[in-house]
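Before any comments, here is the structure.
The values are calculated or read from the model by the stated rules, or taken from the named source; none is laboratory data. What you see is a predicted model, and the numbers here were worked out from it, not measured in a lab. With ideal geometry, Cβ positions are generated from the backbone for all residues, glycine too; neighbour counts draw on all protein chains shown. SASA here: full protein model, heavy atoms, side chains in, ligands and nucleic acids out. Shrake-Rupley method; radii C 1.70, N 1.55, O 1.52, S 1.80 Å.
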Amino acid sequence: MITNINYNHLYYFWQVSRHGSIAAASKVLHLTPQTVSAQITSLEQRLGKALFLREGRGLRLTEFGQIAQQYADDMFAIAHEWLETTSGDVGTLSRTLKVGISDALPKSLVSKWLAPLIENERIANLHCIDGQQAELLAQMAIHKLDLVLADKPLDNSLPFKVFCHEIGKSQLGFFGASSWQQNLQTSYPNTLADVPVVLPAKSSPVTNAIHYWLDELDIEISVAGHVDDSALMVALGQQGFGLFPAPLSVKEEIERNRDIRFIGPIDNVYQHYYAFTPDRLIKDSIYSEFVRYAQNT
């Protein structure tokens with residue numbers, strides 16, 4: 001049973017795993033390649049398992065090495081987080097805040113939520129990353145994101161712990177090319193059967209709710225495609241590719257595009273919005289402040 005390890009050796013392993021070779025890591029560590037190689041060998045002997053396999057001039061992580069790297073990622077991310085707090089008072093600490101934003105969210109709404117973070121004196125830099133919700137939460141799990149904004153509730157099957165906060169909701173409506181507005185509004189929603197419709201992903205709660213609403217009205221639509229990116233959905237609507245659902249809370253922003261017009265509401269179908277915050281050893285009031293502001297926006 002392993003009772004202790006040399007954490008300097010673990011740090012050297014971590015740097016090599018990140019840079020792909022002992023030579024590259026040695027430059028970062030300001031050590032000779034021979035020293036780094038010897039320390040990693042010592043760590044492997046202590047662990048009783050190989051961490052790397054030779055592959056040409058570089059190294060490839062073994063299966064055990066990949067697991068070790070994941071743990072090292074978490075350990076040194078937490079260590080870095082802790083060291084940041086030693087540079088000054090926690091309440092006034094300036095930092096970079098990394099925010100993941102689901103592609104499905106309207107950017108005009110996101111900008112309203114993020115406005116206080118941009119003005120917050122404790123945040124030196126706001127770094128925003130777009131992506132799919134699952135990918136963004138995976139990045140949060142390894143400490144690469146501090147906050148994730150999305151349109152779907154938390155999946156309880158996630159192998160890591162995060163906190164889910166509902167920060168708002170908006171009724172949905174159908175929008176489309178302005179040339180379609182007059183004809184489609186005449187006997188809406190029955191006219192939905194006359195044009196193609198673009199919907200979010202098939203597995204989306206919004207898509208399921210829209211289909212349920214249409215079934216209740218006995219309306220059958222032609223689905224032109226499934227798109228999760230809200231900006232792409234608007235662009236497709238502008239080109240006449242099909243109608244698309246969007247939150248009524250951003251109706252004015254959408255209609256600023258002269259080629260897009262509101263067609264009609266989708267009764268009792270809402271888009272919910274969520275903020276995911278991490279389970280960190282070091283708590284940060286920025287998260288709770290953001291959630292409170294977004295819920296009141």
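Does Lys202 satisfy the criteria of being touching a residue at least 60 places away in the same chain (Cβ under 8 Å) and either touching a strand residue (DSSP E or B) at 6+ places or on another chain (Cβ under 9 Å) or surrounded by 20 or more Cβ atoms within 10 Å (Cβ to Cβ) (or both)?
On the way: touching a residue at least 60 places away in the same chain (Cβ under 8 Å): no; either touching a strand residue (DSSP E or B) at 6+ places or on another chain (Cβ under 9 Å) or surrounded by 20 or more Cβ atoms within 10 Å (Cβ to Cβ) (or both): yes.
For Lys202, the condition - touching a residue at least 60 places away in the same chain (Cβ under 8 Å) and either touching a strand residue (DSSP E or B) at 6+ places or on another chain (Cβ under 9 Å) or surrounded by 20 or more Cβ atoms within 10 Å (Cβ to Cβ) (or both) - is not met.
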Go over the candidates Leu59, Leu53, Leu31, Leu43 one by one and state the one that is out of contact with any Pro (no Cβ under 8 Å at 6 or more places or on another chain), part of a loop (DSSP other than H, G, I, E, B) and not small (Gly, Ala, Ser). Leu31
Go through (1) at pLDDT 90 or above; (2) touching a helix residue (DSSP H, G or I) at 6+ places or on another chain (Cβ under 8 Å); (3) open to solvent by 40 Å² or more (accessible area, probe 1.4 Å) for Gln34 and report which single condition fails. (2)
Restricting to region 1-11, name every residue that is farther than 12 Å from Ala68 by Cβ and open to solvent by less than 60 Å² (accessible area, probe 1.4 Å). none
From the residues in region 128-137 that are open to solvent by 30 Å² or more (accessible area, probe 1.4 Å) and hydrophobic (A, V, I, L, M, F, W, C), which one is nearest to Ser204 (Cα to Cα)? Ala134
Tell me the helices (runs of 4 or more DSSP H) entirely within region 216-297 that contain at least 2 residues that are farther than 17 Å from Leu147 by Cβ and in contact with a Leu (Cβ under 8 Å, 6 or more places away or on another chain). 230-238
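For every residue, the table says whether it meets (1) more than 17 Å from Ala201 (Cβ to Cβ); (2) open to solvent by less than 10 Å² (accessible area, probe 1.4 Å).
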residue: Pro245; (1), (2): no, no
residue: Glu252; (1), (2): yes, no
residue: Phe262; (1), (2): yes, no
residue: Pro265; (1), (2): yes, no
residue: Val269; (1), (2): no, yes
residue: Tyr273; (1), (2): no, yes
residue: Phe276; (1), (2): yes, yes
Any residue at all in region 209-222 that's farther than 26 Å from Ser178 by Cβ, loosely packed, with under 14 Cβ neighbours inside 10 Å and either assigned by the TED database to the domain that holds Asp151 or of a type outside the set (D, E, K, R) (or both)? yes
Scanning region 185-215 for residues that are of a type in the set (A, V, I, L, M) and part of a strand (DSSP E or B), the one nearest to the chain's Cα centre (by Cα) turns out to be Leu199
Tell me the residue from Lys161, Lys169 that is touching a residue at least 40 places away in the same chain (Cβ under 8 Å), under 24 Å from Arg261 (Cβ atoms) and charged (D, E, K, R), please. Lys169
In region 95-109, the residues that are under 13 Å from Val148 (Cα atoms) and of a type in the set (Gly, Ala, Ser): Gly100, Ser102, Ala104
Scanning region 138-184 residue by residue, those part of a helix (DSSP H, G or I), open to solvent by 20 Å² or more (accessible area, probe 1.4 Å) and either touching a strand residue (DSSP E or B) at 6+ places or on another chain (Cβ under 6 Å) or within 19 Å of Tyr287 (Cα to Cα) (or both) turn out to be Ala138, Gln139, Ala141, Ser178, Gln181
